[in-house]
Every structure is written in structure tokens, then in C-alpha cells.
Amino acid sequence: MAEHGRLCAVAVLCLASLAGGSRAAPPDGDGAAAEARLLASLGGSATRQGPRLQLRAANGQVVTFDSNHPDANHEAQVEDYRLTGVTPDGKFFTVYGLFYETETTYWVSRATGAKTEVHAEPAVSPDGRYAVTALAREAFGPEGVFIWEIAGDQLVQRARLRHADYGLFTFKRWTGKDTAELALYSHSFLNFCPGATGTTATVRLMHDRRGWTLSEPASARDVRCE
């Protein structure tokens, strides 16, 4: 298990280095080698043939990801898919997708093959029931906070929350089985910061009888002036 985690970490670091610029590039040798070791550890349930990554679910369903590494004249068509591991509960494959000006993450059920785009690596709740994707993107993709329920072998979207017209979220920590702290960069709390152009506030994500909600910062102590 430790070796598996190390391989996943290596793969993620290699992929992150690819995503560092605004435009994608073909994968390097280290990233391909890390994925190859990970594939070998999964006993044939995940395979690669050239640009094609195939994931086989327990019910026989095969999910295919086809990478495309065009020449420099067609770089806007680049797609690169890499297996980065499985979730801590072992229920889902995790796949990273890198494109011309954006990136994303998929979870694929190892039982059914159902594929869900989760947009970035989610944070799983302490009891393993929920997963939260908090997005700090300004362009080329969705924004806000996605809340998923891990319902058996399926991933079900339960909520998507956004902040007014503009807000960039970063997950900080779970504070309970259905409560968490997030950082929110926005222009909404400038009353705490005279002369500033933006603020980063600690906000709380919680689940109650109304569903999932985000609270505003409780006081000036929860707001950092930018």
C-alpha cells in the first residue's frame, strides 16, 4: 500500500509539472514510467496501449480514455489522460486529464465503470461518505464548490455552490463528518479591508436540513486583506 501511494504521488507530481504552464505538453518519460508501475500494480484492471488507457470494472464494463498528442501546428487539440491511482476506499480509479488550456480529474467506479468528472482532486470526509471539490480557477472551466456523495459504488453530485458573481475556493480541512473550512478569495468583504482590492476569507461548508450551505466569515479575524 505504501508503494502504491508513492507511485500515485510521483504520477501526480509529474502531471502537475505538465500543467504548470497555460498550455499543455506531451507527457515526459518519468510520468509515463510512474503510470506504468501503477498499472502493473492493478493486476490487469487498468491497461495502456499507446495513447489508449482502458479501465475494466468488475461488471465487465470497459472505460476508455484516448490521448492525443498532435504536432505544434495543432496543439490546441492536445488531450493527455493518465491514471493516477485509486481512491482511499478502493472504489474508484482516478484519472487526470490535461488539455490545451485546462485540466480536470475523473473518478471511475471500479464496480460499474460509471465515469464522473470531478474537476480537481476532491477532499474526502472523515467518514468516507462525502467528497468536496473546491475550485480556485478564474477561467477555462467551472467554478465554485462541488459536493459529492459516495453512495455505495457510485458518486452522486449533491450540490454545487458558488459565491455571488466571483469567488475562488480552496479546501482547507474537514472539521466534522459533514462540516469543513474553505478559503474564499473574492471582492465581497472589502468592508473589513479599507484600500484593499480583494480578500481571502475563511468560510464554513456545512450540511443540515436545508442541504449544503456556505457561511460568510464570522468576523474580521476570518478575513485576510489582499
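The values are calculated or read from the model by the stated rules, or taken from the named source; none is laboratory data. Every value quoted in this text rests on a predicted model; they were computed, and no experiment measured them. Because the Cβ atoms are built from the backbone with ideal geometry, glycine has one as well, and the counts that use them run over all protein chains shown. SASA here: full protein model, heavy atoms, side chains in, ligands and nucleic acids out. Shrake-Rupley method; radii C 1.70, N 1.55, O 1.52, S 1.80 Å.
Summary table below
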| item | result |
| --- | --- |
| Solvent-accessible area, 1.4 Å probe, carbon plus sulfur percent, for the range 102-175 | 44 |
| Charge dipole of the chain about the Cα centre (unit charges at C-beta), most positive-ward option of GLN49, ALA36, THR202 | THR202 |
| Reachable aspartates and glutamates, given that their alpha-carbon falls under 15 Å from the alpha-carbon of LYS172 and they are not under 8 places away in the same chain | GLU121, GLU181, ASP222 |
| Inverse mean reciprocal Cα-Cα distance (Kirkwood Rh) of the range 88-200, Å | 15.3 |
| GLU101 paired with HIS74, simple spin-label distance in nm, labels 7 Å along Cα-to-beta-carbon | 2.0 |
| Where labels lie 7 Å past Cα in the beta-carbon direction, separation of ARG160 and ALA32 in nm | 3.6 |
| About the Cα centre, charge dipole magnitude for the chain (Lys/Arg +1, Asp/Glu -1 at Cβ), debye | 700 |
| Partner lysines for LYS115 [C-alpha distance under 18 Å; skip if fewer than 8 residues away on the same chain] | LYS91 |
| Largest-first ordering by accessible area, 1.4 Å probe, given options ARG52, ARG137 | ARG52, ARG137 |
| Table column - 3J(HN,Hα) (Hz), the range 48-65, Karplus curve with 6.51, -1.76, 1.60, x for Gly and Pro | 10, 10, x, x, 9, 9, 10, 10, 10, 7, 4, 7, x, 5, 10, 10, 10, 10 |
| By accessible area with a 1.4 Å probe, ligands and nucleic acids excluded, highest first: order of GLU101, GLU143, GLU35, GLU216 | GLU216, GLU101, GLU143, GLU35 |
| Debye, to nearest 20: dipole size of the range 100-226, +1 on Lys, Arg Cβ, -1 on Asp, Glu Cβ | 380 |
| Under Karplus coefficients 6.51, -1.76 and 1.60, residue-wise ³J(HN,Hα) of the range 119-133 in Hz, glycine/proline x | 6, 7, 5, x, 9, 8, 5, x, 8, x, 8, 10, 9, 10, 9 |
| Whole-Å distance, taken between Cα centres, linking the range 69-126 and the range 146-161 | 16 |
| Cα-based helix-to-principal-axis angle, 2-19 vs the chain, degrees rounded to 10 | 70 |
| Relative contact order (%) - criterion: Cα under 8 Å, at least six apart; region: the chain | 10 |
| Mean accessible surface per residue for the range 57-208, computed with a 1.4 Å probe while every protein chain stays in place, in Å² | 45 |
| For ARG137, residues with placed amide H under 5 Å, excluding near neighbours | GLY144, PHE169 |
| Convex hull volume per residue for the range 44-114, taking Cα atoms only, in Å³ | 80 |
